[in-house]
Amino acid sequence: MSKLAFLSAGAAQGLVAAHAKTVGVDVGGTFGPVGGIRDRFLAGEPCDVLILTHTQICELIATGKVPRDACSDLGLVRTSVVVHADADIPDVSTPAALRTAILAASAIHFPDPVKATAGAHVVKVLESLGVRRDVESRLRMHPGGMPSMVALAADRVDAIGITQATEILASRGVRLAGHLPRPHHLATVYTAVVGPHPLARAEAERFVASITAQAEAGRRLTAGFEGPSIRRATRADEAAIRELVFTILDEYAIKPEPKGTDADLFDLEANYFARGGTFDVAVDTAGNIVGTCGSYPMDGNACELRKMYVRSDQRGRGLGKRLLERALAFARARGCARVVLETASVLKEATLMYEKAGFIRQAYPPHVRRCDRVYAYQLA
């Protein structure tokens, strides 16, 4: 049995343990709140596999601290309310109901707000609901989500907790009551990457590839990881990528050009990877490609963003922002000073996203015939 050292968010501990047992890997290292895990990594603690939030991994990619081509998402995790296994499930479906459940609890268990994403959010929720002073004496903070669950399981039956859904589902003696309701909801995407100097590179690469593979989508979903995951595209994805892109172009009455500007989608290796670029796909839990984004370096210390598309039913959920975040991290890792793109004004959702992200419309005309706008984003 091979052994791998992990530096990982506590939210992924249950999934990692279950998958490791399946593939015959002995799990070592540290699991805990993402703030502390990131600090340990930046302090030089070695690891074979690093699992942090998508945003944190993108920041590390941008600064060259982890490989830009070796990361894949595990999925999105919701911050949720949890109760003792013997307790009745309270209604937490609305802010008013959540407030009532919190005020009725004998104790509220949650992770350290200084180091944990969920813990910091719990404090904000309590303040927003106007109950923090009322429950101050009943707050029980713990080193992480998993320790919070252990403490809740050992507490009175009328105690509750708030942490990541994955930590709740992986714990004994507790039950998930429901996700935090809007506007207090929080969803965090977690991403796995091979460490920059792994002690067991081949085994680490195999583990990341297998735990994020489509074959494991059911296990991830059962563990609490939801929604589309972003990964590097492969040659086997090319037909599905073209189908998605051409369908979206038709949606906006734009004619695809398979022998023109869309010819790049027939050979990703030659048109992206071989020229120092990248191409990412977002894949839903059923295995369907629902988003795409490619980029490659250009002359003049710039990177061009291309083929940024998200399927209609996935828009407005942050997926485009995630694809863009990863593309900007890639450009920074390449040392590019700016990112440019050409688009059509009829793609209103896309142009609005670019502008919100800080892209500035340029005065010069686009090169692509179907486009009527050029945007640029300054990285340095």
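Tally up the residues in segment 197-224 that are more than 17 Å from Gly291 (Cβ to Cβ) and outside any helix (DSSP H, G or I), please. Looking only at that region, the number is 6.
Val374 fulfils the conditions (1) assigned by TED's automatic domain parsing to the domain that holds Pro256; (2) surrounded by 13 or more Cβ atoms within 10 Å (Cβ to Cβ) except for a single criterion, (1).
Looking for whichever is of a type in the set (Ser, Thr, Tyr) and under 23 Å from the mean Cα position of the chain (by Cα) here; the options are Thr278, Thr247. Which one fits?
Details: Thr247 fails: under 23 Å from the mean Cα position of the chain (by Cα).
Result of the check over Thr278, Thr247: Thr278.
Taking the conditions exactly as written (outside any helix (DSSP H, G or I), in contact with a helix residue (DSSP H, G or I) (Cβ under 6 Å, 6 or more places away or on another chain), among the β-branched types (Val, Ile, Thr) and surrounded by fewer than 21 Cβ atoms within 10 Å (Cβ to Cβ)), does Thr292 satisfy them or not?
Numbers: outside any helix (DSSP H, G or I): yes; in contact with a helix residue (DSSP H, G or I) (Cβ under 6 Å, 6 or more places away or on another chain): yes; among the β-branched types (Val, Ile, Thr): yes; surrounded by fewer than 21 Cβ atoms within 10 Å (Cβ to Cβ): no.
Criteria not met by Thr292.
Across segment 246-289, the number of residues qualifying as outside any helix (DSSP H, G or I), in contact with a strand residue (DSSP E or B) (Cβ under 7 Å, 6 or more places away or on another chain) and over 21 Å from Phe330 (Cβ atoms) comes to 1.
Checking the structure you have, find out if any residue of segment 281-301 is closer than 30 Å to Glu45 by Cα, under 17 Å from the mean Cα position of the chain (by Cα) and touching a residue at least 40 places away in the same chain (Cβ under 8 Å).
The first filter runs over segment 281-301 and keeps only residues closer than 30 Å to Glu45 by Cα, leaving none.
No - not one qualifying residue is present in segment 281-301.
Look at (1) assigned to a loop (DSSP other than H, G, I, E, B); (2) over 14 Å from Gly161 (Cα atoms) and you find that Ser72 fails only one, number (1).
This table checks each residue for (1) under 28 Å from Ile37 (Cα atoms); (2) surrounded by 22 or more Cβ atoms within 10 Å (Cβ to Cβ); (3) assigned by TED's automatic domain parsing to the domain that holds Val81; (4) touching a Leu at 6+ places or on another chain (Cβ under 6 Å).
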| position | (1), (2), (3), (4) |
| --- | --- |
| Val123 | yes, no, yes, no |
| Met146 | yes, yes, yes, no |
| Gly161 | yes, yes, yes, yes |
| Ala170 | yes, yes, yes, no |
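So in segment 28-46, with the set limited to residues that are under 21 Å from Leu169 (Cα atoms) and in contact with a Pro (Cβ under 9 Å, 6 or more places away or on another chain), which one is surrounded by the most Cβ atoms within 10 Å (Cβ to Cβ)? Taking the candidates together, the pick is Pro33.
Here are some residues: Ala192, Ala165. Which one is over 21 Å from Lys124 (Cβ atoms) and hydrophobic (A, V, I, L, M, F, W, C)? Spell out how you get there, then give the answer.
Working: Ala165 fails: over 21 Å from Lys124 (Cβ atoms).
Result of the check over Ala192, Ala165: Ala192.
Per the conditions (1) surrounded by 19 or more Cβ atoms within 10 Å (Cβ to Cβ); (2) closer than 30 Å to Ala101 by Cα, the sole criterion not satisfied by Ala233 is (2).
In this structure, His184 does satisfy being of a type outside the set (Lys, Arg) and either more than 20 Å from Gly36 (Cβ to Cβ) or assigned to a strand (DSSP E or B) (or both). Candidates Val49, Val25, Val81, Val16: the one that is crowded, with 24+ Cβ neighbours inside 10 Å and assigned by TED's automatic domain parsing to the domain that holds Gly145 is Val81.
Based on what the data block shows, is Ile61 part of a helix (DSSP H, G or I), assigned by TED's automatic domain parsing to the domain that holds Ala165 and surrounded by 15 or more Cβ atoms within 10 Å (Cβ to Cβ)?
no
Within segment 253-287, the set of residues being in contact with a helix residue (DSSP H, G or I) (Cβ under 9 Å, 6 or more places away or on another chain), loosely packed, with under 14 Cβ neighbours inside 10 Å and of a type outside the set (Gly, Ala, Ser) comprises Lys255, Pro258, Asp267, Glu269.
The values are calculated or read from the model by the stated rules, or taken from the named source; none is laboratory data. Quick caveat: nothing in here was measured; it's all calculated off a predicted structure. Please note: Cβ atoms are built from the backbone with ideal geometry, for glycine as well, and neighbour counts cover all protein chains shown.
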